[in-house]
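Student: Take this structure first; my questions come after.
The values are calculated or read from the model by the stated rules, or taken from the named source; none is laboratory data. Only a predicted model underlies this, so the values are computations on that prediction, with no experimental measurement involved. Here the Cβ positions follow ideal geometry from the backbone for every residue, glycine too, while neighbour counts run over all protein chains shown. Remember, those area values only see protein heavy atoms, side chains included, never the ligands or the DNA or RNA. Shrake-Rupley method; radii C 1.70, N 1.55, O 1.52, S 1.80 Å.
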Amino acid sequence: MIYRSWLRAEGFTPEVFDGRPVIGIANSWSELTPCNVHLRTVADAVKRGVWQAGGFPLEFPTMSLGESLMRPTAMLFRNLMAMEVEELLRANPLDGVVLLSGCDKTTPAMLMAAASSDLPAIMVTGGPMLNGKFRGADVGSGTHVWRFEQELVAGRMTQEECVAAESGMARSCGHCMTMGTASTMACLAEALGMQLPGSAAWPAADSRRYVTAQSAGRRIVELAAEDLRPSRIMTRHAFENAIRVNAAIGGSTNAVIHLLAIAGRLGVPLRLDDFDELARPVPTLVNLMPSGRYLMEDFCYAGGLPAVMRELRDFLHNDHIGVTGRTLAETVADAECWNRDVIASLDAPLQSPGTGTAVLRGNLCPGGAVIKQSAASPHLLKHRGQALVFDSIEEYHEVAGREDLPVDASTVLIVRGAGPRGYPGMPEIGNFVLPRKLLQRGVTDMVRISDARMSGTGFGTVVLHVAPESAVGGPLAFVRSGDWIELDTPGRTLTLDVSDEELASRRAGWTPPQPRWSRGYARLYHEHVLQADQGADLDFLVGASGAEVPRHNH
Ligand code: FES
């Protein structure tokens, strides 16, 4: 009676207590997360499906992470959201859950929560915005922000023109419509088998987004009865499929960190080097910004992820079973590609195999680093230059506009202090804008190295996720301006041309930076965050706790 009575306050009739599955709808809707602002209406469609299939839906709010508004960076809070959703799933009497996400961090946070609680779950991402339009051309969210910023700094675009471009870039609800982190993680949720086939690409404004949501509502009721849990879906084979799909779609470098973190929750062995080894034979097929020219709406109409996965079938574990309960081979058997300009074939790929995200090793990054080759300038992938070092992104911004900055196009720009612990939260500043004087002379790219991340919508020859980060005493902390650095992407090395003895003596005089915050969640994060090559999760959140709440005697 105590459980039923208070729910009756919501006006439910007694049949909802007849033993039917109780389905949670975890909703990351928030007006502070513009990419997720339509998820209330998506939840309504999910509810229709749950009722139809004989379940009892109960929607509840979760923390939400808006990439564009949160400071110091939404990534600082990914683990907090994952922890919050995990505990909500465990603490409430749910038989299954539909996870509603959209903006960059909300999808991995919910997948991490689903992994650790291991409650039957289906993800429904909110879908991308419609294609951006400005002056008759397609413009991509994020990607064109960086482009227009460079044009503004170089004096080729006015402030008024930038303001006019803003609204054309965000024409509808939905997440970024480039192949940025949100689109990447939506596609990878599908590749992992946690979203219904085809779900990732339907635009947020398309009626079929709601058809997908309703279908997910119907399916979760069956899934709860079948007890098909995330740990049986997100297997090592699922992650291998996701890594190869990420290579084919030209996905975000952030996927590396998020997949490592999700796998860590499940005890699935996944190493940073897997991303290089598994992706190397896979060509880039999807022609989307920032690596290519189209946007998610085009990707959807061209056939979406099922068309990509069918084309990739020789590289995938086709017997993998996702939330549909069917094998991947069955799921994509009828998938067709309607536009080979957007989704290329294996015979004529957009970029040849081995041009996706590469993992670098060397004395500058003993724990590894990554570079997205498809978004870099080919002539800089092998480069030797002298370092110009900045201890923070703020320090760089202070001088980036100066005419006397000792820099030319061959300089290797280094920004440190931007790793998980150092910033804190590992912000997306790795593709920082070039020095103004070089932009004005027509330079469009330079080698940049940092322990930061890069927006999935970003581009440039940028080495990211250097581990260990400088704040914990990684070698990046000991580079000095004028040191020679060699980037050899084909050889997968990043070398600081300084002897071990010299590095040891520099280390001897080094003291770790003080944390910026001494209390609250930021302190917890600082004390427990893992390095980028381990997924930047909190060490005590690694692993699963299951769906059952421990029983206490009262
Ligand atoms: Fe939310 Fe890009 S800002 S997905």
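Student: Residues being without any contact (Cβ under 8 Å) to a residue 40 or more places away in the chain, open to solvent by 90 Å² or more (accessible area, probe 1.4 Å) and more than 22 Å from LEU89 (Cα to Cα): count how many of those fall in segment 519-548. Can you show your working first?
Tutor: Going through segment 519-548, the residues without any contact (Cβ under 8 Å) to a residue 40 or more places away in the chain turn out to be 519-520, 523-524, 527-528, 539-540.
Now drop any that are not open to solvent by 90 Å² or more (accessible area, probe 1.4 Å), which leaves 519, 523, 527, 540.
Going one step further and asking which of them are more than 22 Å from LEU89 (Cα to Cα), we end up with 519, 523, 527.
The qualifying residues number 3.
Student: Here's another thing I want to ask about it. When segment 389-435 is examined, which residues are found to be open to solvent by less than 30 Å² (accessible area, probe 1.4 Å) and among the polar types (S, T, N, Q)?
Tutor: Scanning segment 389-435 gives SER392, THR411, ASN431.
Student: What's the number of the only condition in (1) more than 16 Å from the ligand (Cβ to nearest atom); (2) within 19 Å of GLY419 (Cα to Cα) that GLY458 fails to meet?
Tutor: (1)
Student: Counting only residues that are open to solvent by 10 Å² or more (accessible area, probe 1.4 Å), more than 28 Å from the chain's Cα centre (by Cα) and of a type outside the set (Gly, Ala, Ser), how many does segment 439-477 have?
Tutor: Result for segment 439-477: 3.
Yes or no, residue by residue, for (1) out of contact with any helix residue (DSSP H, G or I) (no Cβ under 6 Å at 6 or more places or on another chain); (2) open to solvent by 20 Å² or more (accessible area, probe 1.4 Å); (3) within 16 Å of the ligand (Cβ to nearest atom); (4) among the β-branched types (Val, Ile, Thr):
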| residue | (1), (2), (3), (4) |
| --- | --- |
| ASN36 | yes, no, yes, no |
| GLN52 | no, yes, no, no |
| GLY55 | no, no, no, no |
| SER68 | yes, yes, yes, no |
| ARG71 | yes, yes, yes, no |
| ARG78 | no, no, yes, no |
| GLY102 | no, no, yes, no |
| ALA113 | no, no, no, no |
| GLY142 | yes, no, yes, no |
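Student: If we scan segment 149-158, do we find a residue that is within 23 Å of ALA74 (Cβ to Cβ), surrounded by 24 or more Cβ atoms within 10 Å (Cβ to Cβ) and of a type outside the set (Gly, Ala, Ser)?
Tutor: The answer is no; no qualifying residue exists.
Student: Go through segment 161-252 and tell me which helices (runs of 4 or more DSSP H), entirely inside it, have 2 or more residues that are within 16 Å of PRO306 (Cβ to Cβ) and either within 16 Å of the ligand (Cβ to nearest atom) or open to solvent by 10 Å² or more (accessible area, probe 1.4 Å) (or both). Quick ask: steps written out before the conclusion?
Tutor: Values: elements: 181-192, 207-226, 230-233, 236-249.
Helices (runs of 4 or more DSSP H) meeting the threshold: 181-192, 207-226, 236-249.
Student: Of the residues that make up segment 492-499, is at least one among the small types (Gly, Ala, Ser) and in contact (Cβ under 8 Å) with a residue 40 or more places away in the chain? Write out each step before concluding.
Tutor: Here is the first cut: in segment 492-499, the residues among the small types (Gly, Ala, Ser) are 499.
Within this subset, residues satisfying the condition of being in contact (Cβ under 8 Å) with a residue 40 or more places away in the chain are none.
Within segment 492-499, not a single residue is among the small types (Gly, Ala, Ser) and in contact (Cβ under 8 Å) with a residue 40 or more places away in the chain.
Student: With the checklist (1) modelled with pLDDT under 95; (2) part of a helix (DSSP H, G or I); (3) within 16 Å of the ligand (Cβ to nearest atom) in hand, flag the one item GLN150 doesn't pass.
Tutor: (3)
Student: Could we say that GLU31 is under 22 Å from the mean Cα position of the chain (by Cα), over 16 Å from LEU119 (Cβ atoms) and surrounded by fewer than 20 Cβ atoms within 10 Å (Cβ to Cβ) here?
Tutor: yes
Student: Related question: Residues of segment 120-140 being under 13 Å from GLY180 (Cα atoms) and either at pLDDT 95 or above or more than 14 Å from the ligand (Cβ to nearest atom) (or both), which ones?
Tutor: Quick first cut of segment 120-140, residues under 13 Å from GLY180 (Cα atoms) only: 127-129, 140.
Correct list: GLY127, PRO128, MET129.
Student: Taking into account only those residues within segment 289-303 that are among the charged types (D, E, K, R) and surrounded by fewer than 22 Cβ atoms within 10 Å (Cβ to Cβ), which is modelled with the highest pLDDT?
Tutor: Result: ASP298.
Student: Now a separate question. Which of the residues that make up segment 22-34 are of a type in the set (A, V, I, L, M) and away from the ligand (no atom under 16 Å from the Cβ)?
Tutor: Hits for segment 22-34 are VAL22, ILE23, ILE25, ALA26.
Student: Give GLN373, GLN386, GLN351 a once-over and let me know the one that is at pLDDT 95 or above and surrounded by 15 or more Cβ atoms within 10 Å (Cβ to Cβ).
Tutor: GLN386
Here's the yes/no breakdown for (1) touching a residue at least 60 places away in the same chain (Cβ under 8 Å); (2) part of a loop (DSSP other than H, G, I, E, B):
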residue	(1), (2)
PHE432	no, yes
LEU487	yes, no
ARG506	no, no
PRO515	yes, yes
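Student: Restricting segment 80-96 to residues that are part of a helix (DSSP H, G or I), acidic (Asp, Glu) and open to solvent by 50 Å² or more (accessible area, probe 1.4 Å), which is farthest from ALA261 (Cα to Cα)?
Tutor: So, considering only residues that are part of a helix (DSSP H, G or I), acidic (Asp, Glu) and open to solvent by 50 Å² or more (accessible area, probe 1.4 Å), the one farthest from ALA261 (Cα to Cα) is GLU87.
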